[in-house]
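Q: Below is a structure I'd like to ask you about.
The values are calculated or read from the model by the stated rules, or taken from the named source; none is laboratory data. Nothing here was measured: the structure is a model prediction, and the numbers come from that model. These accessible areas exclude ligands, DNA and RNA; they are computed on the full protein's heavy atoms, side chains included. Shrake-Rupley method; radii C 1.70, N 1.55, O 1.52, S 1.80 Å.
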Amino acid sequence: SVGYAGGEKNNPSYYEVCSGITGHAEVVKVVWNVNKIDISDLLKMFWECHNPTQKNRQGNDIGTQYRSAIFCTDKDQKIKVEKFIQSIKHLHKNKIVTEVSVNKNFFNAENYHMNYFQRNSSTSYCQIIIKPKLEKFKKLFKDKYT
């Protein structure tokens, strides 16, 4: 599910999140079967698909809502994420600025954000920004992609 997390306001709207007043980031909620995939596999996917060294942005998208963040569901998960970051930080010439915190509040985005790429795949943003990331993901993780 796509949505918002990490901020103060309950049930924020996309426009409120984009304004920066809520403190939320645009996020994806990932639910997985721990018996089939390890958290380290998910973290590898996350790091390959975005830049963890850009503060409050991803490419041309700028603002706190675009910060690199992982919102864990509990302290144990947070410890695993922090250990993973320590194990890969030497691979980046710039400092990893990914925010890692325990946050159980996730708010679903509005319906028009759900399946955004599928519904808008011909737009220039989807073609230039999203499609190359999806292709990279599918190539790198073809054994895990379904």
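Q: Any idea of Ser13's accessible area? Nearest 10 Å², probe 1.4 Å.
A: It works out to around 30 Å².
Q: Moving on to the next point. Taking a probe of 1.4 angstrom, what is the accessible area of Leu140 in Å², to the nearest 10?
A: Result for Leu140: roughly 80 Å² accessible.
Q: Which links in Lys36/Lys95; Lys55/Lys95; Lys89/Lys138; Lys44/Lys95; Lys36/Lys142 stretch past 20 Å when you go from one Cα to the other? Mind showing how you got there, number by number?
A: On the way: Lys36/Lys95 31 Å; Lys55/Lys95 10 Å; Lys89/Lys138 24 Å; Lys44/Lys95 17 Å; Lys36/Lys142 15 Å.
Over 20 Å Cα-Cα: Lys36/Lys95; Lys89/Lys138.
Q: For Glu99, which sequence-distant residues (separation of 5 or more, or a different chain) have an amide H within less than 5 Å of its own amide H, given hydrogens modelled in the peptide plane?
A: Amide H neighbours of Glu99, under 5 Å, 5+ apart: Ser68, Ala69, Ile70.
Q: Let me ask something else about it. Relative contact order of the chain, please, whole-number percent, based on alpha carbon pairs below 8 angstrom and at least 6 residues apart.
A: On the way: 182 pairs, mean separation 39.6, N = 146.
In percent, rounded to a whole number, it is 27.
Q: How large are Rg and Dmax for the stretch 93-134 when calculated on the C-alpha trace, in angstrom?
A: Expressed in Å, the Cα Rg and Dmax of the stretch 93-134 come to 15.0, 38.
Q: Another one. Per residue, how much accessible surface does the stretch 92-133 expose to a 1.4 Å probe? Answer in Å², no decimals. Before the final figure, lay out each step's value.
A: Numbers: 3030 Å² over 42 residues.
Ligands and nucleic acids excluded, the result is 72 Å² per residue.
Q: Let me ask something else. In angstroms, what radius of gyration and Dmax does the chain have, counting Cα atoms only?
A: Here Rg and the maximum Cα pair distance are 15.3, 41 Å.
Q: Let me ask another. To the nearest 10 square angstrom, what accessible area does Glu16 show with a 1.4 Å probe?
A: Solvent-accessible area, nearest 10 Å²: 50 Å².
Q: Note down the relative contact order for the stretch 1-84 as a percent, whole number, built from C-alpha pairs under 8 angstrom at least six residues apart.
A: Working: 91 pairs, mean separation 22.7, N = 84.
Over the stretch 1-84, the number comes to 27 percent.
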